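A.B. asks: Have a look at the structure that comes next, please.
The values are calculated or read from the model by the stated rules, or taken from the named source; none is laboratory data. Nothing here was measured: the structure is a model prediction, and the numbers come from that model. Note that we place each Cβ from the backbone using ideal geometry, even for glycine, and neighbour counts take in every protein chain shown.
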Amino acid sequence: MGTKNDLIHWTQTVQNTGKAFPQEKVYLHLDNNCYFLGDTIWYKAYVVRTDRKVPTDLSRILYVELMTPDGYLVERQQIPLENDTTGFGNFALQDSSTEDIMRSGHTPDGC
């Protein structure tokens, strides 16, 4: 069984690693929760730093992807982040390959 000092050391190590290698979290807001062939998915994205819970200052580009449930990429968009934190875009659902899709967002280092 570890001691209290071991726990404190482990906690400090995790915190220091988070500061040395900050991560980002992507939030995608969609205009609807159900889409059909011919619809357009409109979205707004927010990117925040996980260490400080503030808008990111790490990335300038966001990748937003449409994928099939089994992981095949349908479409990928590169979205510039405005004011260093938000981006906007849309996907037009024009063919049957987009029948069952999932969406994903990540920054270049967050692959």
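A.B. asks: Of the conditions (1) of a type in the set (Ser, Thr, Tyr); (2) touching a Ser or Thr at 6+ places or on another chain (Cβ under 8 Å); (3) within 19 Å of residue 88 (Cα to Cα), residue 68 satisfies every one except a single condition; which number is it?
C.D. replies: (3)
A.B. asks: Could you list, in sequence order, the residues of the range 18-51 that are of a type outside the set (A, V, I, L, M, F, W, C), more than 17 Å from residue 86 (Cβ to Cβ) and either touching a helix residue (DSSP H, G or I) at 6+ places or on another chain (Cβ under 6 Å) or without any contact (Cβ under 8 Å) to a residue 24 or more places away in the chain (or both)?
C.D. replies: 32, 33, 51
A.B. asks: Among the residues of the range 22-62, count how many are assigned to a loop (DSSP other than H, G, I, E, B), exposed (fewer than 15 other Cβ atoms within 10 Å of the Cβ) and β-branched (Val, Ile, Thr).
C.D. replies: 2
A.B. asks: Pick from the range 80-96 the residues that are among the hydrophobic types (A, V, I, L, M, F, W, C) and either at pLDDT below 85 or surrounded by 17 or more Cβ atoms within 10 Å (Cβ to Cβ) (or both): which of them is nearest to residue 41 (Cα to Cα)?
C.D. replies: Pass one, the range 80-96, residues among the hydrophobic types (A, V, I, L, M, F, W, C): 81, 88, 91-93.
If we keep only those that are either at pLDDT below 85 or surrounded by 17 or more Cβ atoms within 10 Å (Cβ to Cβ) (or both) too, we end up with 81, 91, 93.
Details: 81: 18, 91: 5, 93: 8 Å.
Here the answer is 91.
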